[in-house]
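Peer 1: Let me give you the structure first, and then I'll get to my questions.
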Amino acid sequence: MARCIGILTAGGDSPGLNAAIRAIGKSALNAYNMQVIGFRDGFRGLMENRTVLLEGEILSGILTLGGTILGTSRDKPHKMPVGSRVQNMTEVMLDNYHRHNLEALICIGGGGTQKNAHRLVQAGMHIMTLPKTIDNDVAMTDITFGFDTALSIATDAIDRLHSTAHSHHRIIVVEIMGHNTGWLGLGAGMASGADVILIPEIPYDIKQVADAIRRRRHRGKNFSIVAVSEGALSIESARKLAALRKKKQAGGDSKQQRKTTAALEVFKTQQNNNTLHLTRQLEALTGLESRLTILGHLQRGGTPTAADRILATRLGSACAAAIEEQHYGCMVAVKGETTELVPLEKVVGKRKVVPLDHPWIRAALETGTCLGNHVY
Ligand code: F6P
């Protein structure tokens with residue numbers, strides 16, 4: 001019987017996913033004589049046993065394609081909406097895994113997917129993972145694929161906003177994805193020469209931001225670009241969030257817990273409008289007309305950069321080689337010019353944030369960028 005491995009892509013899509021699928025498929029078929037099947041729409045496809053045989057033509061011509069030919073979803077094995085109920089469907093997934101006699105299943109995704117993949121390891125499956133996300137926040141890997149493409153899309157967008165901000169003497173606040181980390185915001189802000197960059201790792205003081213813009217104005221610069229990560233928080237909001245999290249951790253009776261959960265939900269909803277609120281605050285504080293641009297899902301769409309294609313190809317082929325050597329339960333991580341296998345228990349439950357002593361932060365400050373607060 002032919003040896004068989006499976007692939008699924010889960011979480012938000014990311015440029016380079018098809019390059020990774022292609023690399024795993026071609027390496028497995030050409031170098032190791034394995035059959036490869038894909039499960040559609042992430043963990044849901046594994047649960048519903050919706051598969052596609054990945055061979056020949058299907059793997060051809062997809063290197064440059066954005067999105068994922070397998071489809072994706074944010075469904076979790078242990079909390080899967082089925083009909084009107086949310087259920088733990090891990091056992092059904094295990095049955096399907098055995099039905100295909102899989103030697104291993106490769107789950108490609110970000111931090112959430114690493115966690116879900118680890119749950120499948122605990123259920124007894126041979127799992128390998130690859131780190132992908134435009135947020136670049138997966139622990140224990142130098143970089144994730146998708147990040148470089150999103151970085152160049154966001155940078156290009158801010159470059160374009162510069163000329164219109166300049167012509168109209170406006171502040172343009174530009175919201176950049178990244179979930180709760182600032183890699184994408186900081187990177188795109190630096191690459192495009194944003195005047196202010198606000199990231200979740202450095203809660204901002206609105207007065208310091210307005211002062212920086214006013215100082216530019218005194219130097220004759222009547223416009224400013226403010227690059228803001230979607231997860232950026234003001235000092236006040238950061239304090240409020242920390243207090244709510246502390247309360248949640250402390251537990252209490254069920255009524256208190258419900259209250260804290262509801263307060264966290266309200267906080268999240270308010271935070272969704274944070275960049276709009278920030279734009280209005282800056283207009284009021286500086287007297288400069290201000291506009292908000294939310295880059296949104298544009299940052300995840302379209303063809304991957306050359307760097308992401310190469311990275312996804314390296315990771316995919318290293319993954320097939322690791323399975324051939326019967327390594328399981330690991331993420332194929334990037335370590336400089338090489339790849340290394342990191343046990344999933346070392347990856348899950350962690351998030352790679354921007355360290356405050358990171359060279360990007362130092363360089364941004366030294367070149368006169370306002371980061372919204374004192375860093376050193
Ligand atoms: O994790 C990738 C990401 O694009 C984040 O930057 C963003 O917060 C989130 O996904 C958006 O998720 P969705 O596509 O479900 O709206």
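Throughout, read-outs are computed from the coordinates displayed, never taken from laboratory work. This is a predicted model, so every value here is computed, not measured. Note that we place each Cβ from the backbone using ideal geometry, even for glycine, and neighbour counts take in every protein chain shown.
Peer 1: Residues in the range 330-351: is at least one closer than 28 Å to Gly189 by Cα, within 16 Å of the ligand (Cβ to nearest atom) and surrounded by fewer than 20 Cβ atoms within 10 Å (Cβ to Cβ)?
Peer 2: Scanning the range 330-351 turns up at least one residue that is closer than 28 Å to Gly189 by Cα, within 16 Å of the ligand (Cβ to nearest atom) and surrounded by fewer than 20 Cβ atoms within 10 Å (Cβ to Cβ).
Peer 1: Filter the range 254-276 down to the residues that are surrounded by 10 or more Cβ atoms within 10 Å (Cβ to Cβ), over 16 Å from Ile294 (Cα atoms) and either in contact with a helix residue (DSSP H, G or I) (Cβ under 7 Å, 6 or more places away or on another chain) or among the β-branched types (Val, Ile, Thr) (or both) and list them by number.
Peer 2: Across the range 254-276, the qualifying residues are Thr260, Thr261, Ala263, Leu264, Val266, Phe267.
Peer 1: Still on this model: In the range 1-16, is there at least one residue being surrounded by 23 or more Cβ atoms within 10 Å (Cβ to Cβ) and over 26 Å from the mean Cα position of the chain (by Cα)?
Peer 2: no
Peer 1: So, restricting to strands (runs of 3 or more DSSP E) that lie completely within the range 271-376, which ones have at least 2 residues that are not hydrophobic (A, V, I, L, M, F, W, C)?
Peer 2: Fully inside the range 271-376 and qualifying: 290-294, 338-343.
Peer 1: Shifting gears a bit: Name the single residue that is nearest to the ligand (Cβ to nearest atom) among those in the range 277-302 being surrounded by 17 or more Cβ atoms within 10 Å (Cβ to Cβ) and closer than 12 Å to Met177 by Cβ.
Peer 2: Filtering first and then ranking leaves Arg300.
Peer 1: Of everything in the range 1-31, what is within 18 Å of Tyr97 (Cα to Cα) and within 16 Å of the ligand (Cβ to nearest atom)? Give them in sequence order.
Peer 2: Thr9, Ala10
Peer 1: All but one of (1) within 15 Å of the ligand (Cβ to nearest atom); (2) part of a helix (DSSP H, G or I); (3) surrounded by 24 or more Cβ atoms within 10 Å (Cβ to Cβ) hold for Ile153; state the number of the condition that does not hold.
Peer 2: Of (1) within 15 Å of the ligand (Cβ to nearest atom); (2) part of a helix (DSSP H, G or I); (3) surrounded by 24 or more Cβ atoms within 10 Å (Cβ to Cβ), only one is false for Ile153: (3).
Peer 1: Please name all residue pairs, on different chains or six or more residues apart, with Cβ atoms under 7 Å, provided the first residue is in the range 127-143 and is without any contact (Cβ under 8 Å) to a residue 12 or more places away in the chain and the second residue is of a type in the set (A, V, I, L, M) and in a strand (DSSP E or B).
Peer 2: Pairs found: none.
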